[in-house]
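Step one of this worksheet: look at the structure below.
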Amino acid sequence: MSVIRLLVLGAVRQHGRAHGYQVRNDLEYWGAHEWSHAKPGSIYHALKQLAKQGLLLAHETAPSPAGGPPRTEYEITDAGTEEYFALLRRALTAYDQKPDVLAAALGCMVDLGRAEVLELLQERLRAIEAWRTAVTEYYTPEGGPGQLGHIGEIMHLWVDSADTGAHWTRGLIERVRGGAYTFAGEGEPFVGVLPEGGENPYGTPEPHPGDRH
C-alpha cells in the first residue's frame, strides 16, 4: 500500500484545508521524511494525483499581500475520507508491511474509536501468531539457525521479528485498553499538525514565494 497516500490524506484531513508546504511541514514534524519516502517531491506529486482522482479538492487562493503567487490549498472529499480510513485500517492490521506503513498508521490511529483500534490490533496480533506458526512448521527456533545451514538465519530473522512484533503489539493493546491517548469521540485529541507559520524544529525552511505549490 502507499504510505504517501495515507500520510497526505491524514495531514490534509487534520487541517481541514491545507497547502502543500503545510502538509510537507507536518510530515517532517512527524519525522516521516526519516522513516518513509515522504520527501517533498513525493508529497507535492501525491497532492496533485489525489486531486485528479477526486480524493482531494484543489482550491486556488488569492495572491498573498507580499506579492507571491496564489497557492493551491487542498481539502479532503468524501471519497478521500473513505480511502483514508480504508488505508488506515489496513495498515493497522497487516503484519507483513514495511515499518513505514505501521508508523504511518500509528500517527493516524486516534482518528478511529478506541474500541475499533483495539479490535484491529487484536487482528494484527492474530495474524502475526498465525504467520509464526506457519514458519515454525519448517524451522524450530529451539534448534537454532544452524539446523538449516546459513539459510536458517533467514528463518531465525522471521521468527525473531514475529516475536518482537507480537510483544510490541500486546504492549500497545494494553496501553490503549488502559486509557492511553485520546481517540475519536472521546474529546479533544492530540493535534499533530503545526499552525500556519509555526516553527518546525525538524523541517526545512519554507520555499521562496515563487516556488510555492
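The values are calculated or read from the model by the stated rules, or taken from the named source; none is laboratory data. Quantities reported herein were computed from a predicted structural model and do not represent experimental measurements. Ideal geometry is used to build each Cβ from the backbone, glycine not excepted, and the neighbour counts take in all protein chains shown.
For beta carbons closer than 9 Å, sequence separation of 6+ or different chains, a first residue in the range 76-101 that is under 25 Å from HIS15 (Cα atoms) and not assigned by TED's automatic domain parsing to the domain that holds ALA11 and a second that is surrounded by fewer than 18 Cβ atoms within 10 Å (Cβ to Cβ) and among the charged types (D, E, K, R), there are no qualifying pairs.
The selection criterion, being surrounded by 15 or more Cβ atoms within 10 Å (Cβ to Cβ), of a type in the set (Gly, Ala, Ser) and free of Cβ contacts under 8 Å to residues at least 40 places away in the same chain, holds for ALA51. Only residues that are at pLDDT below 90 and either in contact with a Pro (Cβ under 6 Å, 6 or more places away or on another chain) or surrounded by fewer than 19 Cβ atoms within 10 Å (Cβ to Cβ) (or both) were counted across the range 84-108, and they come to 5. Each residue in the range 12-57 was checked for being basic (Lys, Arg) and in contact with a Phe, Trp or Tyr (Cβ under 8 Å, 6 or more places away or on another chain), and 3 of them qualify.
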